[in-house]
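Report on the structure given below.
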2 protein chains.
Amino acid sequence: MTDLTQRQQQVLSFIRQRQVHGETPSRREIADHFGFASLNAVSSHLHLLEKKGAIKVVQGRARSLQVPSPLRSWQSVVCHIPLLGSIPAGRAELRESDMEGCVSVDVATIGYQPTKASFALRVAGQSMVGRHILDGDLVILEHGPEPKPGDVVAALIDGQCTLKTFIVKNGRPYLKAENPQYADLIPAEELVIQGVMRALIRRVNA
Amino acid sequence: MTDLTQRQQQVLSFIRQRQVHGETPSRREIADHFGFASLNAVSSHLHLLEKKGAIKVVQGRARSLQVPSPLRSWQSVVCHIPLLGSIPAGRAELRESDMEGCVSVDVATIGYQPTKASFALRVAGQSMVGRHILDGDLVILEHGPEPKPGDVVAALIDGQCTLKTFIVKNGRPYLKAENPQYADLIPAEELVIQGVMRALIRRVNA
DNA sequence: TGAAATACTGTATATTTGTACAGTATGACT
DNA sequence: AGTCATACTGTACAAATATACAGTATTTCA
């Protein structure tokens, strides 16, 4: 396959940019962007791009350019999970005011399909290093399901949302910190469990 | 704001589904999907959905329905990183044949803008537990940049791509495993460093 | 020098698409 | 009974859009 011309690359990356923002450009919009007076300038570029396999043109459909990529065939659905700063007492209603950001990950990577009851938290403190969860890590949790012994859960303790390990001792549930310095055991019945950990994302400073 | 009718929810989720696949449906396609004989059925639904704030209709533009969401304003650009099964010797050319999957994450979450030299690996073995990197974790790396002391790097050792810590001792670079059981020190000059770790994603089995 | 590919202008047209208007039917609520 | 919102059929039309054809200038390459 021939390589792309400079101009063709420009057109391609313009289409790509628009795709990211959720809109496939029409031929007229491409012409406007590059200052073309003629639509045929766009059309011929698109033809060449298709001939070289860089794009796929669906006949007769508006705004339906497709940019295939070797990655594309591996991609799974990307879902968006609210990153909460703090969880208010009571139910973990996902209020807009508590939202601090958004975590977007594909389903295959985190290994499960998030629901409306999914949310993310940023870990504060070293209390879970024993489970290899570090300060600053981003944890994705699921609100609702009953935790199993050994699960990492988020619980509301003194108004603060804290990560603990859920354990059962003598038939009674407890929460445990995974750090020798914070080796306290809290009866789980006194607490509201906000969610069960499902995934973790860590960024490493360059 | 009024709640959505059952039918309106159906229409909305159909639009959402198509959006995920990269295409916004036209009014005729929506009509076809639901078996409407009239376009006005679609139009009135869209009007009501817009009135209730569930969608945004851009006037006069084909396939330009937008589905706003409280999350939307927080979303950043999602990028797609190839998940490699094995890295062949020599340059880390991203060949299609080595691709095993695709990791999609947004830029804000992993904290940097990946390039074409970015790739992901699945961690095999316990050699990096000391750095809180576990067996099965997914690591995102950047090919190219010179590692700094203390960075986690992927290196090609005996044809296997392995994670190590990059350290400098007596002015000479070494690679070190972060596990007392594998406490060997390898001179870095003998090896090809494939990439520097930038982020980590861990999935927790439900 | 000549051929071929690229990069455009200019004009025209068929199709897709959005939009408007008129009307029917049904259920919920007052 | 009457009003209102919802959920459609049916028809028509204008704007947006894709597409085709004819032609020019420039570069590349043989």
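The values are calculated or read from the model by the stated rules, or taken from the named source; none is laboratory data. None of the values given here were measured: they were computed from a predicted structure. A quick note on method: Cβ atoms are made from the backbone with ideal geometry, for glycine too, and the neighbour counts reach across all protein chains shown. To get the accessible areas, we keep the full protein, side chains included, count just its heavy atoms, and leave off ligands, DNA and RNA. Shrake-Rupley method; radii C 1.70, N 1.55, O 1.52, S 1.80 Å.
See the values below:
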item: Dipole magnitude of chain B about its Cα centre (Cβ charges: Lys, Arg +1; Asp, Glu -1), debye to nearest 20; result: 980 debye
item: Dipole of chain A [Lys/Arg +1, Asp/Glu -1 at C-beta], most positive-end residue of A:102, A:17, A:174; result: A:17
item: Size of electric dipole in the protein assembly as shown: Cβ of Lys, Arg +1 and of Asp, Glu -1, about Cα centre, debye, nearest 20; result: 1280 debye
item: Amide H contacts of residue B:161 (H built 1.01 Å from N, under 5 Å, at least 5 apart or other chain); result: B:87
item: Prolate/oblate/rounded call for the protein assembly as shown, Cα gyration tensor, a/c under 1.5 rounded; result: oblate
item: Principal-axis tilt of helix B:39-51 within chain B, Cα atoms, nearest 10 degrees; result: 70 degrees
item: Cα gyration tensor category, rounded, prolate or oblate, for chain B with a/c compared to 1.5; result: prolate
item: Length-normalised contact order for chain A - Cα pairs under 8 Å, 6+ apart - percent; result: 14 percent
item: Over the stretch A:6-72, relative contact order from alpha-carbon pairs under 8 Å, at least 6 apart, %; result: 27 percent
item: Unit charges on C-beta of K, R, D, E only; dipole of the stretch B:124-206, Debye; result: 260 debye
item: Proximal lysines to residue B:56, defined as alpha-carbon separation beneath 29 angstrom and excluding residues fewer than eight positions away on the same chain; result: A:56, A:116
item: Value at 222 nm in deg cm²/dmol, rounded to 500, when DSSP H runs of n ≥ 4 in chain B each add -39,500 (n - 2.57); result: -5500 deg cm²/dmol
item: Angle between chain B longest axis and helix B:6-20 axis [Cα atoms, degrees, rounded to 10]; result: 40 degrees
item: Residue among B:57, B:129, B:196 with the largest mean-square fluctuation in a Gaussian network model of chain B, springs linking Cα atoms under 10 Å; result: B:57
item: Given charges at Cβ of Lys, Arg, Asp, Glu: chain B dipole, positive-most of B:47, B:76, B:35; result: B:47
item: Interface residues, the stretch A:175-206 - accessible area loss of 50 Å² or more versus chain alone, probe 1.4 Å; result: A:198, A:200, A:201, A:202, A:203, A:204, A:206
item: Probe 1.4 Å - accessible area at residue B:56, Å² to nearest ten; result: 120 Å²
item: Angstrom value of the Kirkwood radius, inverse mean 1/r, which spans all Cα pairs in the stretch B:6-72; result: 12.0 Å
